[in-house]
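Enquirer: Here you go, one structure.
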Amino acid sequence: MNRNILTLSIGCVLLAAPGSQSTSTTDDLTSMKQGASLNYERHREAAIQINELAGRIRSEADAQALVDGIADVLADALPTTWSSAKVRQRVARAEYLATSEPAQRIPEQRVADIWNEYVQSIGAPEEALVTVVEIHSMREGAYAVSQRMWTHWHNQTIWTMPNIFAIDATGKIAEGCRGVEVLRIIYDLDMMFGNLRSARKRIREGVVLSEEIKKGDQENNASPKGTVRVVVRASDNPMRPAEYNYIRQYGSENFSLVLVGLFDKLFPVSESLSGQEKSVSNSPSNEEFHIGSSDVLQISVYQHPELSRTAVVNQDGNITLPPFDALKVGGLSVHAAADLLRRKLEPMLSTPQVTVTVTEIHHGILHRVPFMLPRRGPSFRDVPAPDHLDCHVARIDA
C-alpha cells in the first residue's frame with residue numbers, strides 16, 4: 001500500500017516538474033522521449049494481449065494467465081507479497097468462476113459491505129462509506145471511459161482494458177463483478193477517491209456516463225474533436241490520513257492484518273480453491289514446526305492491543321495469557337496454537353483474529369514450514385528472523 005502511494009507520488013512529481021535548459025540538453029530530451037515511447041509501446045503491446053485474453057476466459061488456465069499477465073506488468077508497483085503465487089491463484093479462481101457462470105460473479109453488495117467494514121475498522125470518515133448504487137455507477141463510468149479510450153483514443157494500457165468488466169446479455173455492466181475487476185474497484189476506492197465523488201455527482205444528476213458519451217458522439221459526428229485537460233492539485237482523499245493515523249496508533253503490523261483480512265473476505269479460500277487444492281492444503285505437512293518449552297511467542301490480537309503480548313512457553317508447555325492462567329501450547333503447530341487462542345477468546349470477542357509468531361526458538365531442531373506473513377498482503381514463505389532464527393506466523397480467522 002505505501003509502495004503504491006510512493007509510486008504514484010513520484011509519478012505526479014515527474015509530471016509536474018518544469019523543464020530546465022541548464023540541466024537538460026536537446027539530445028537528453030530526445031533520448032528521454034524515445035525511451036518513454038519505447039516503454040509505452042511495450043506496455044501497450046502487453047496490454048493488448050492481456051485485454052484479448054480477458055475477453056476469452058474459457059478455462060482456469062486462461063484465468064491464471066490473465067492474472068499473471070497483469071501482475072507481471074505491475075510488478076514494479078505491487079508489493080511482493082501481493083504478487084505471490086497463492087494470491088494470484090485465488091484471484092484467478094474467482095475470475096474463472098465469474099466468467100464461466102454469471103451466478104458466480106462477486107455481488108456488488110458484498111464488495112460494498114467488505115469495503116465499508118474496512119473503512120470503519122481504520123476509523124475513516126463516513127464519506128468513505130459506499131453504497132451498491134455508487135459502486136455500480138463507478139463501474140459503469142469506468143467501463144464507458146475504458147471503451148472510449150481503448151477504441152477511439154487508442155490509449156491502450158493496463159488501466160484502460162475494457163474486457164476485464166463483467167457485462168450482461170444487453171452489453172451493459174452486470175450486477176456482479178469479475179475477480180480482477182474487484183481489485184480495480186478497491187484500488188479506485190482507496191487510491192482514486194475522486195472517481196467515487198464523480199459517481200455520486202452523476203447519481204444526483206441522473207447521468208449515465210455511457211449514454212452521455214453516445215450523445216456526444218452524435219453531436220460531434222460531423223467534426224469529432226477533443227481536448228485533454230490535466231489538473232494537478234493537492235489530494236483530498238479521506239482514506240490517506242485515516243490509514244496513516246491507524247498505522248501511527250496501532251502499528252504497521254496490525255494494519256497489515258487489516259489488509260490481509262480485506263483480501264481474505266473478498267477472495268475466501270473456500271471459494272478460491274479447487275477440490276484438489278483443498279485436499280492438498282488441508283493435508284498435514286511432514287515438516288510442520290511444533291512449539292516447545294522455552295520458545296518465545298509473540299501473540300497479537302487484531303484491534304485488541306491490550307490482549308497482545310510476548311509469552312514464554314514454560315517447561316509444562318503452557319503460556320499465560322490474561323485472563324487465562326495457563327494455556328497448553330507445547331506440541332502444537334503455530335496454526336493450532338492460534339486456533340486454540342481464538343476459541344478461548346470467542347466468548348469475549350466477536351470474530352477474534354489471532355496471530356502467533358515464534359520469535360525465539362530454544363528447543364530441539366527447527367523444521368521450516370510455510371506460513372502466512374501479514375506484510376502488506378498475504379503470502380506463504382519462510383522469512384529469516386534476526387540472529388539466524390526462523391520466524392513462524394499463523395493467522396486464523398473466525
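The values are calculated or read from the model by the stated rules, or taken from the named source; none is laboratory data. From a predicted model like this one, the values you see are computed outputs, not experimental measurements. Glycine also receives a Cβ, built like all others from the backbone with ideal geometry; neighbour counts cover every protein chain displayed.
Enquirer: For residues that are part of a helix (DSSP H, G or I), polar (S, T, N, Q) and surrounded by 14 or more Cβ atoms within 10 Å (Cβ to Cβ), scanning just segment 111-132, find the one that is modelled with the lowest pLDDT.
Expert: Ser121
Enquirer: Tell me, which residue of segment 138-186 that is among the small types (Gly, Ala, Ser) and in contact with an Asp or Glu (Cβ under 9 Å, 6 or more places away or on another chain) is farthest from Val207 (Cα to Cα)?
Expert: Gly179
Enquirer: Another question, then. List the residue pairs whose Cβ atoms are under 6 Å apart, where the first residue sits in segment 70-94 and is farther than 22 Å from Pro162 by Cβ, the second is among the aromatic types (Phe, Trp, Tyr) and at pLDDT below 75, and the two are 6 or more positions apart or on different chains.
Expert: Sorted first by the residue in segment 70-94, then by its partner, the pairs are Lys86/Phe380.
Enquirer: Does Lys278 satisfy the criteria of being under 30 Å from Met149 (Cβ atoms), at pLDDT below 80 and either in contact with a Ser or Thr (Cβ under 8 Å, 6 or more places away or on another chain) or not assigned by TED's automatic domain parsing to the domain that holds Glu127 (or both)?
Expert: So Lys278 fails the test.
Enquirer: Looking at Ala36, Ala71, Ala47, Ala75, which one is at pLDDT 65 or above and not in a helix (DSSP H, G or I)?
Expert: Result: Ala75 is the single residue among Ala36, Ala71, Ala47, Ala75 that is at pLDDT 65 or above and not in a helix (DSSP H, G or I).
Enquirer: Would you say Gly141 is buried (at least 17 other Cβ atoms within 10 Å of the Cβ), closer than 23 Å to Ser100 by Cβ, in contact (Cβ under 8 Å) with a residue 12 or more places away in the chain and of a type in the set (Gly, Ala, Ser)?
Expert: For Gly141, the condition - buried (at least 17 other Cβ atoms within 10 Å of the Cβ), closer than 23 Å to Ser100 by Cβ, in contact (Cβ under 8 Å) with a residue 12 or more places away in the chain and of a type in the set (Gly, Ala, Ser) - is not met.
Enquirer: Of the conditions (1) farther than 22 Å from Asp72 by Cα; (2) modelled with pLDDT under 95; (3) buried (at least 17 other Cβ atoms within 10 Å of the Cβ), His152 clears all except one; give me its number.
Expert: So His152 meets the others, but not (3).
Enquirer: Scan segment 148-167 residue by residue and report those that are in contact (Cβ under 8 Å) with a residue 60 or more places away in the chain and closer than 18 Å to Ala54 by Cβ.
Expert: Arg148, Trp150, Gln156, Thr157, Ile158, Thr160, Met161, Pro162, Asn163, Ile164, Ala166
Enquirer: Right, here's the next one. Residue check, Ile135 against (1) crowded, with 20+ Cβ neighbours inside 10 Å; (2) touching a helix residue (DSSP H, G or I) at 6+ places or on another chain (Cβ under 6 Å); (3) closer than 20 Å to Leu97 by Cα, all met but one. Which one?
Expert: So Ile135 meets the others, but not (3).
Enquirer: Just to be sure before I move on: is Gln89 surrounded by fewer than 18 Cβ atoms within 10 Å (Cβ to Cβ), at pLDDT below 95 and over 20 Å from Ile213 (Cβ atoms) in the structure I sent?
Expert: no
Enquirer: Among the residues that make up segment 93-110, is at least one of them under 15 Å from the mean Cα position of the chain (by Cα) and in a helix (DSSP H, G or I)?
Expert: Checking segment 93-110: at least one residue is under 15 Å from the mean Cα position of the chain (by Cα) and in a helix (DSSP H, G or I).
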